[in-house]
1. When region 35-51 is examined, which residues are found to be under 15 Å from ALA22 (Cβ atoms) and either of a type in the set (Val, Ile, Thr) or open to solvent by less than 60 Å² (accessible area, probe 1.4 Å) (or both)?
2. What pairs come up if the first residue lies in region 1-22 and is closer than 16 Å to ALA49 by Cα, the second is open to solvent by less than 80 Å² (accessible area, probe 1.4 Å) and assigned to a helix (DSSP H, G or I), and their beta carbons are under 9 Å apart, counting only those six or more places apart or on different chains?
3. Output the residue which, of all residues in region 58-81 that are of a type outside the set (A, V, I, L, M) and open to solvent by 100 Å² or more (accessible area, probe 1.4 Å), is modelled with the highest pLDDT.
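The values are calculated or read from the model by the stated rules, or taken from the named source; none is laboratory data. All of these numbers come straight from a predicted model, not from anything done at the bench. As a convention, Cβ positions derive from the backbone with ideal geometry for all residues, glycine included, and neighbour counts pool all protein chains shown. Quick note on the areas: whole protein, heavy atoms, side chains included, nothing else; ligands and nucleic acids left out. Shrake-Rupley method; radii C 1.70, N 1.55, O 1.52, S 1.80 Å.
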Amino acid sequence: MRKNWWLHGLKFAAIVVVALAALGAVVMGLWNWLMPGLFGWPAIGFWQALGLLVLSKILLGGLRGGPSRHIHWRARMADRWEHMTDEEREKFRAGMGRRCGRSASTQEQTP
């Protein structure tokens, strides 16, 4: 198993390259399909599409990776839930039911 560690690394690198190429092609295709027709902007090439993809990741997604940053809200919500009274919990459920499209009759049937 230790002999083939470089082979696994090579496979991973190949998958990353193919994924980046596919994403770049998708961004380029969408840009060249939509932007010139809608706004009169010029078409872009593959490397510009990859640059746009990286720029959007930096500006919109940040440089942090992994799902761990999204888990913290669950712990905060669980803590808030534990400190709620029964009336506050029922009020929260009713509000979420209205926001999520559940009717009043459906809410009454839910335990």
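1. ALA49, LEU50
2. Sorted first by the residue in region 1-22, then by its partner, the pairs are LEU20/LEU50; LEU20/LEU53; ALA21/PHE46; ALA21/LEU50.
3. ARG80
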